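Here the structure comes first, spelled out in structure tokens, and everything after it is commentary.
Each reported figure results from applying straightforward, stated rules to the coordinates on display, with no laboratory input. Predicted model, so just to flag it, every value in this text is computed and none were measured. As a convention, Cβ positions derive from the backbone with ideal geometry for all residues, glycine included, and neighbour counts pool all protein chains shown.
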Amino acid sequence: MVHDVAIIGAGPAGLSAALNLVRAKRSVLLVDANRPRNAATLRSHGFLTRDGISPLELRKLGRTEVEGYPEATVVQSVVDLVTPATDTDGWQVHGTWRGTELDARARTVVVATGLREDFPPLPMLRAFYGTAVHSCVECDAYDKAGQPLAFICETADVVDRALLIAAWTDDLIVYTNGVAPLDDAGRERLAAAGVVVDERVVDDLEGDRTGMTGVRLADGHVEPRTGGFVRPTWHADLDWLCTTSRSADDDTPDPSSELRRDAQGFLVVDPVGRTSVPGLYAVGDVTPPGPEQLIVAAGHGAATAAAVHRDLVGGLADPRDAV
Ligand SMILES: Cc1cc2nc3c(=O)[nH]c(=O)nc-3n(C[C@H](O)[C@H](O)[C@H](O)COP(=O)(O)OP(=O)(O)OC[C@H]3O[C@@H](n4cnc5c(N)ncnc54)[C@H](O)[C@@H]3O)c2cc1C
């Protein structure tokens with residue numbers, strides 16, 4: 001069977017794309033590794049009608065809706081190769097899950113695999129991530145309002161991000177870990193907003209099962225903090241995408257060389273999710289600028305679904321002019 005669409009990733013972006021495509025009577029193969037980035041948190045915020053829901057429950061609700069349509073095939077698998085079909089238009093999708101292989105065909109592919117986060121190397125950070133320490137200010141700052149917070153940031157956007165967090169608390173310490181570049185103008189802006197800067201090396205976060213209690217510096221000083229924010233670096237892991245499996249004497253252009261990615265590796269798309277390669281779409285956190293919010297990813301999923309359907313009706317007009 002050749003599916004109309006293979007969607008890789010069943011977070012809010014992929015699920016929303018799937019729901020709207022099955023409702024367009026498209027046969028959809030939805031493949032998911034079931035490793036959502038937001039599993040670190042117990043509650044998700046800001047999704048209209050679902051504020052405070054567990055992120056896993058939100059996924060389950062979405063998946064149940066999609067699975068209710070006969071046009072949907074939902075499979076758990078880790079996709080390790082998506083490549084143009086050798087003998088016809090469209091794509092081959094390969095994945096594995098516990099020794100079971102997935103080998104599928106689709107006319108179009110939507111990449112909705114989200115992103116990977118790397119953190120400053122503090123041993124306890126992961127333990128507090130999603131409960132006491134967060135990365136999404138819009139999602140989680142409300143619940144930290146007025147508290148003594150830490151912001152751990154090693155990147156050049158430290159000042160702008162710190163000022164954003166300071167809108168929710170007047171007790172914020174920025175830890176650059178001796179890495180984030182700070183000039184005099186930046187220091188003055190932070191000082192004017194009442195934000196304290198500590199550029200000493202951070203050893204770790206302190207606390208126990210009941211919560212975070214402080215930030216421990218390499219010189220032994222422990223500053224009491226109940227939680228805060230961290231600035232991860234974000235990456236798109238897409239080694240499996242568009243790798244050619246064609247024979248050496250095949251001189252047609254290799255789509256992987258035409259696939260536009262930005263400096264961080266995110267898939268460059270037009271406003272409705274078309275990549276620079278015809279028939280290949282991307283949506284959600286895997287597209288620039290990276291991290292979104294649940295409802296934004298879901299909204300983009302709906303817009304991309306409409307574009308995929310329109311392109312299939314129209315015979316896949318070359319979208320690259322728009323990217
Ligand atoms: C700790 C944390 C808390 C958050 N809290 C909130 C919040 O309160 N409110 C809010 O609006 N947003 C929140 N976010 C952000 C939100 O979770 C993301 O913006 C959103 O999930 C992005 O959706 P997505 O569908 O693009 O990607 P994801 O939700 O990350 O889904 C990607 C899916 O693709 C799958 N996948 C990846 N690679 C493969 C592969 N090779 N093969 C098969 N499947 C694959 C993954 O397993 C995953 O299921 C939070 C994020 C984090 C990390």
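What's the Cα-based Rg to Rh of region 1-51, Rh via Kirkwood? Rounded to two decimals, Rg over Rh is 1.07. Of the Cα atoms belonging to region 69-154, the radius of gyration and Dmax stand at 20.3, 61 Å.
Relative contact order for the chain: what percent, with Cα pairs under 8 Å and sequence separation of 6 or more?
21 percent
Mind putting a number on the dipole of region 1-80 about its Cα centre? Charges go on the C-beta only, +1 for Lys and Arg and -1 for Asp and Glu, and I need it in Debye to the nearest 20. Taking the Cα centre of region 1-80 as origin, the dipole is about 180 debye.
Could you point to the residue in 111, 307, 151 farthest towards the positive end of the chain's charge dipole, with +1 and -1 charges on the Cβ of Lys/Arg and Asp/Glu respectively? Going by the charge dipole, the pick is 307. Only alpha carbons enter this Debye calculation for region 23-115, each as an equal point scatterer, and the log10 of I(q)/I(0) it gives at q = 0.13, 0.21 Å⁻¹ is -0.55, -1.16.
For the chain, the ratio of Cα radius of gyration to the globular rule of thumb 2.2 N^0.38 Å stands at 1.11. When 37, 107, 225, 189 are arranged by Cβ crowding within 10 Å, least crowded first, meaning fewest neighbours, the order is 189, 37, 107, 225. Peptides 290-296, 10-16, 155-161 ranked from most to least packed by the mean count of surrounding Cβ atoms within 10 Å: 10-16, 290-296, 155-161. FRET efficiency for the pair residue 164 and residue 25, taken as 1/(1 + (r/R0)^6) with r the Cβ-Cβ distance and R0 = 30 Å, rounds to 0.10. Along region 135-144 the Karplus relation, 6.51 cos²θ - 1.76 cosθ + 1.60 evaluated at θ = phi - 60°, assigns HN-Hα couplings of 10, 9, 5, 4, 6, 10, 5, 3, 6, 10 Hz to successive residues, with x for each Gly and Pro. Region 70-142 and region 26-51 have their alpha-carbon centroids 11 Å apart. Put a plus charge on the Cβ of each Lys and Arg, a minus charge on the Cβ of each Asp and Glu, and nothing anywhere else: the dipole of region 1-158 about its Cα centre is then about 360 debye. Charges were assigned to the Cβ only: +1 to each Lys and Arg, -1 to each Asp and Glu. The resulting dipole of the chain about its Cα centre is roughly 1020 debye. Rounded to the nearest 10 degrees, the inclination of helix 55-67 to the longest alpha-carbon principal axis of the chain is 10 degrees.
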